[in-house]
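What follows is a set of notes on a single structure, which appears directly below.
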Amino acid sequence: MLVLVAPGQGAQTPGFLTPWLELPGLADRLSAWSDLIGLDLVSYGTTADADEIRDTAVAQPLLVAAGLAVAEVLGASPDVVAGHSVGELTAAAL
């Protein structure tokens with residue numbers, strides 16, 4: 001059984017997306033979503049400082065996009081999903 005639990009706001013840390021961007025397709029997916037929402041998710045997830053990613057207008061879309069993109073590129077098909085706070089949106093989308 002695969003359980004996916006998506007974190008809420010506050011789980012983001014500077015550079016948290018850096019190792020994930022090594023997965024094929026993840027950077028492309030996040031770049032495409034960045035264009036759609038007008039927010040540079042890759043930059044915020046890799047080079048932004050803690051103050052920049054603490055802003056709710058950045059943190060929430062960043063965490064939801066990261067969760068969705070990682071699940072997609074890993075081909076995750078969870079049996080159960082759960083989310084805390086904004087992570088509930090990630091879980092609902094999955």
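The values are calculated or read from the model by the stated rules, or taken from the named source; none is laboratory data. No experiment lies behind these values; they were computed from the predicted model shown. Cβ sites come from the backbone with ideal geometry, for glycine too, and all protein chains shown count toward neighbours. When the accessible area is computed, the model is the full protein with side chains, heavy atoms only, and any ligands, DNA or RNA have been set aside. Shrake-Rupley method; radii C 1.70, N 1.55, O 1.52, S 1.80 Å.
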**Asked** For the stretch 36-49, what are the residues that are open to solvent by 40 Å² or more (accessible area, probe 1.4 Å) and either in contact with a Leu (Cβ under 8 Å, 6 or more places away or on another chain) or in contact (Cβ under 8 Å) with a residue 24 or more places away in the chain (or both)?
**Response** I37, Y44, T47, D49
**Request:** Taking V58 as the residue in question, decide whether it is at pLDDT below 95, open to solvent by less than 50 Å² (accessible area, probe 1.4 Å) and out of contact with any Cys (no Cβ under 8 Å at 6 or more places or on another chain).
**Result:** no
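Could you grab me the full set of residues in the stretch 10-22 that are touching a Leu at 6+ places or on another chain (Cβ under 7 Å) and open to solvent by less than 70 Å² (accessible area, probe 1.4 Å)?
Taking the stretch 10-22 as the starting set, the residues that turn out to be touching a Leu at 6+ places or on another chain (Cβ under 7 Å) are 11-12, 20.
Hits for the stretch 10-22 are A11, Q12.
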**Complete:** When (1) in contact with a strand residue (DSSP E or B) (Cβ under 6 Å, 6 or more places away or on another chain); (2) of a type in the set (G, A, S); (3) open to solvent by less than 40 Å² (accessible area, probe 1.4 Å) are applied to A82, the one that fails is (3)
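Going residue by residue through the stretch 60-70, is there one that turns out to be polar (S, T, N, Q) and more than 16 Å from Q9 (Cβ to Cβ)?
Filtering the stretch 60-70 for residues polar (S, T, N, Q) gives 60.
From what's left, more than 16 Å from Q9 (Cβ to Cβ): none.
No: the stretch 60-70 contains no residue that is polar (S, T, N, Q) and more than 16 Å from Q9 (Cβ to Cβ).
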